[in-house]
Amino acid sequence: MPILETQALRKQYNLGEHTVHALKGVDFFVEKGEFVAIMGPSGSGKSTLLHLLGGLDKSSDGDVTLAGQRLSVLNDDQITLVRRRNVGFVFQFFNLLPTLTAAENVALPLIIDGQNLRKYQSRIEALLDLVGLSDRAGHKPDQLSGGEQQRVAIARALVTEPAIVLADEPTGNLDSATGRVIMELLRRSCDELGQTTVIVTHDPRAATYADRVVFLGDGQIVRQLTCDSVNDLAQRLRIIMAAMETLQA
């Protein structure tokens with residue numbers, strides 16, 4: 001079974017007298033260990049879809065099944081628990097707590113879940129090593145660069161060994177060189193840890209690191225590309241750019 005799946009997923013918002021149909025019956029799945037990029041123009045429903053996938057928002061209709069749990073039949077407390085135990089989030093603006101050190105920020109999901117940190121100390125240290133920040137463990141966010149803060153955010157997303165990592169524009173607030181480092185890190189977590197990952201991005205270069213690229217348009221999936229058989233990132237970029245040009249034509 002897919003680790004994540006949607007069926008006829010719909011989301012609409014009421015803005016005054018107007019109804020905005022953000023998603024219009026999306027059928028979507030992610031297999032365990034897969035790396036998927038979701039692309040599309042502004043207003044296509046990318047971030048709305050990601051929020052529904054992670055249980056941060058509720059659908060108007062349809063269903064999300066996350067790690068075997070149908071979110072539509074759960075109450076708010078149950079959804080919170082499923083999300084806490086199964087999803088790691090990476091956001092564009094890092095969302096680190098400024099009063100905590102890098103190591104403490106990585107440990108934060110464990111603290112919220114009431115876990116004994118002594119049991120997880122070696123994992124926290126291993127993740128800081130994975131993201132190349134072992135020597136910055138005691139530094140607070142204002143002592144770290146943007147790229148270092150995002151690497152802390154990735155380690156934090158991985159610390160609970162979640163079923164899936166969801167990343168919303170993870171390179172959107174970074175320069176191109178730092179963004180490449182972040183995408184290589186997410187790719188490594190997929191390859192070395194078997195971490196299932198879904199990113200939303202407007203950047204075709206970021207999407208080249210994915211196994212599959214899903215294009216949204218006007219609240220619907222309009223095209224998908226499978227890229228895992230193309231090893232050269234430059235060739236992947238040409239394929240993705242060509243697809244984007246076709247969809248914009």
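The values are calculated or read from the model by the stated rules, or taken from the named source; none is laboratory data. Because the structure is a prediction, the values reported are computed rather than measured. No Cβ is skipped: glycine too gets one built from the backbone with ideal geometry, and neighbour counts run over all protein chains shown.
Numbers at a glance
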read-out: Residue list for the range 48-67, restricted to those being part of a loop (DSSP other than H, G, I, E, B) and either under 17 Å from the mean Cα position of the chain (by Cα) or within 22 Å of Leu110 (Cα to Cα) (or both); value: Gly54, Gly55, Leu56, Asp57, Ala67
read-out: Qualifying residue in the range 1-22 (condition: surrounded by 15 or more Cβ atoms within 10 Å (Cβ to Cβ), within 18 Å of Gly219 (Cα to Cα) and hydrophobic (A, V, I, L, M, F, W, C)); value: yes
read-out: Candidate set: the range 77-96, residues that are under 21 Å from Glu5 (Cα atoms) and among the hydrophobic types (A, V, I, L, M, F, W, C); chosen: the one surrounded by the fewest Cβ atoms within 10 Å (Cβ to Cβ); value: Leu81
read-out: Residue in the range 218-249 that is nearest to the chain's Cα centre (by Cα), counting only those that are acidic (Asp, Glu) and surrounded by 11 or more Cβ atoms within 10 Å (Cβ to Cβ); value: Asp228
read-out: Sole residue being modelled with pLDDT of 95 or more and either on the phi > 0 side of the Ramachandran plot or crowded, with 20+ Cβ neighbours inside 10 Å (or both), chosen from Ala210, Ala163; value: Ala210
read-out: Within the range 64-79, tally of residues that are at pLDDT below 95 and either under 12 Å from Lys11 (Cβ atoms) or of a type in the set (Asp, Glu) (or both); value: 2
read-out: Pair list, Cβ < 7 Å and 6+ apart or interchain, from the range 167-194 residues that are over 10 Å from Tyr209 (Cβ atoms) to residues that are surrounded by 17 or more Cβ atoms within 10 Å (Cβ to Cβ) and among the aromatic types (Phe, Trp, Tyr); value: Asp168/Phe91
read-out: Residue check, Asp27 surrounded by fewer than 17 Cβ atoms within 10 Å (Cβ to Cβ) and at pLDDT 95 or above; value: yes
read-out: Qualifying strands (runs of 3 or more DSSP E) (wholly inside the range 171-249; at least 1 residues being among the charged types (D, E, K, R)); value: 212-217, 220-226
read-out: Top-ranked residue of the range 132-181 - restricted to ones that are among the hydroxyl-bearing types (Ser, Thr, Tyr) and within 20 Å of the chain's Cα centre (by Cα), ranked as nearest to Leu56 (Cα to Cα); value: Thr160
read-out: Residue check, Val106 surrounded by 15 or more Cβ atoms within 10 Å (Cβ to Cβ), touching a Gly at 6+ places or on another chain (Cβ under 9 Å) and either within 21 Å of Asp168 (Cα to Cα) or at pLDDT 95 or above (or both); value: no
read-out: The listed residue being assigned to a strand (DSSP E or B) and in contact (Cβ under 8 Å) with a residue 24 or more places away in the chain, out of Gly88, Gly147; value: Gly88
